[in-house]
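So the structure is just underneath, and the comments pick up after that.
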Amino acid sequence: MIRELPKELAKIAKNELNENPKQTEADLKNLKEWILKQPHLKARTEDQWLVALLRGCKFSLERVKAKVELFYTLRSVAPEMTLRLKPTEKEYLNFLRLGTCIILPQSKTDLQPCAILIRPGLYDPSEYSIADVMCILYYLVQILVIENDVATVMGTKIIVDYQNVTLNHLTQASPSMLKKLVTVSQDSLPLRLKGSHHVNVPSGIEVIFKLISGFLNEKAKERLKIHKSNDELLKFIPKDVIPNEYGGEGGTVAEIIEYWANKIKEYRPRFEEEMQFGTDESKRINKTTLDFTDQGSFRKLDID
């Protein structure tokens, strides 16, 4: 069953995403039939999950099919971004509790995009990688889109805090790694990126922004903001969302981390099932060419 949206949210979904509740059932049927016809693809067909994908693609069935393909293909071609840290294992929770990636609480005062806080300076680059941060995001988002209709309709904003980021962190950001990060976050996850906000930006990081910009779509480029202070951030993100440590009223970072740690435990049976999904490339009819080399393109998927 699909949850019925509150009136105001339903109006936004109709105007901005082309959502028509009378058509949704037919769209879901079309998607499920298409998935079953793909011999190489084992994908989740739960209604609420597929609706999140439809919203993320403004109800374009062809775009959703491409996203489903990419989402599950990445487990085969870029497992370090999706499977190195698994939510069914203790190491995932250990890394989650470092606080490198947390989804902030939804605003209670207004319909706003959901905010995600990324703090790469908190992990030891000799032990972990930025790809591990992506693993955290990859599974938290799956919980988010099942539970939070506001996020699936309004989209997300990314906040990156570079406090304590070192040269060793930055050297992990090779062009191929950055391509994978963008592919997973921008192209495969069932959320629309409504902006990225960067604080405590160290000198010398301009080359990283230049590389990332080359992989972003035009809207994402336009929505990339660099802030000189946390006060500037509060002009773009509601105060009741931002953690107390950043001058907001959204609770402490520790409280938010523990909330998501408990969610991961709650969803463990679902994630055990999730580990069974993916692609069998030996059965694929239309061959995928996802190239993550420095010069390669990563948007070459043949979709029936």
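With a ≥ b ≥ c the root eigenvalues of the C-alpha gyration tensor of region 90-265, is it rounded (a/c under 1.5), prolate (a/b larger than b/c) or oblate?
Cα axes put region 90-265 in the rounded bin.
With N as its number of residues, region 53-157 has a Cα radius of gyration that, divided by 2.2 N^0.38 Å, comes to 1.16. Per-residue 3J(HN,Hα) values for region 226-231, derived from phi via the Karplus relation 6.51 cos²θ - 1.76 cosθ + 1.60 with θ = phi - 60°, read 10, 10, 7, 8, 5, 4 Hz in sequence order (x marks Gly and Pro). The distance between label points at residue 42 and residue 210 comes to 4.5 nm (points 7 Å beyond Cα on the Cα→Cβ vector).
If only the Cβ of Lys and Arg carry +1 and only the Cβ of Asp and Glu carry -1, the dipole of region 199-255 around its Cα centre is close to 340 debye. Between 117, 168, 54, the Cα set farthest toward the positive side of the dipole of the chain (charges on each charged residue's Cβ, about the Cα centre) is that of 54. The portion of the accessible surface of the chain made up by carbon and sulfur, rounded to a whole percent, is 51 (1.4 Å probe; DNA, RNA and ligands excluded).
Can you flag which of 22/194; 210/263; 29/265; 14/219; 180/221; 67/265 are past 29 Å Cα-Cα? Listed pairs above 29 Å: 210/263; 29/265.
In the chain, inverting the average of 1/r over every pair of distinct C-alpha atoms gives 19.9 Å as the Kirkwood radius. In this structure the amide hydrogen of residue 196, modeled in the peptide plane, comes within under 5 Å of the amide hydrogens of 158, 224, 225, none closer than 5 places in sequence on its chain.
With a 1.4 Å probe and every protein chain left in place, work out the accessible area per residue of region 133-272 in Å², rounded to a whole number. Don't skip to the answer; put the middle values down first.
Values: 5890 Å² over 140 residues.
Result: 42 Å² of accessible area for each residue.
For region 1-90, the solvent-accessible area of protein heavy atoms averages 51 Å² per residue (probe radius 1.4 Å; ligands and nucleic acids excluded). Placing unit charges on the Cβ atoms only, positive for Lys and Arg and negative for Asp and Glu, gives region 1-125 a dipole magnitude near 100 debye about its Cα centre. Ranked by the mean number of other Cβ atoms within 10 Å of their residues, highest first, the peptides 172-182, 214-224 come out as 172-182, 214-224.
Relative contact order of region 166-232: what whole-number percent is it, with Cα pairs under 8 angstrom and at least 6 residues apart? Worked out over region 166-232, it gives 42 percent. Positive end of the dipole of region 209-290 (Cβ unit charges, origin at the Cα centre): among 269, 217, 246, the Cα lying farthest that way belongs to 217.
Largest GNM mean-square fluctuation across 55, 119, 284, computed for the chain with C-alpha springs under 10 Å, falls on 284.
Put a plus charge on the Cβ of each Lys and Arg, a minus charge on the Cβ of each Asp and Glu, and nothing anywhere else: the dipole of the chain about its Cα centre is then about 680 debye. Among 267-280, 65-78, 158-171, the peptide with the highest mean count of other Cβ atoms within 10 Å heads the list, and the full ranking is 65-78, 158-171, 267-280. Between residue 58 and residue 277, the C-beta separation translates, for a Förster distance of 22 Å, into a calculated FRET efficiency of about 0.35. Modelled spin-label separation between residue 225 and residue 10, with each label point placed 7 Å from Cα along the Cα-to-Cβ direction: 3.2 nm. Across the options 21, 140, 159, the greatest Cα extent toward the positive end of the charge dipole of the chain (unit charges at beta carbon of Lys, Arg, Asp, Glu) belongs to 21.
The values are calculated or read from the model by the stated rules, or taken from the named source; none is laboratory data. Quick caveat: nothing in here was measured; it's all calculated off a predicted structure. Backbone-built Cβ (ideal geometry, glycine too); neighbour counts: all protein chains shown. In case anyone asks, the SASA skips ligands and DNA or RNA and just uses the protein heavy atoms, side chains included. Shrake-Rupley method; radii C 1.70, N 1.55, O 1.52, S 1.80 Å.
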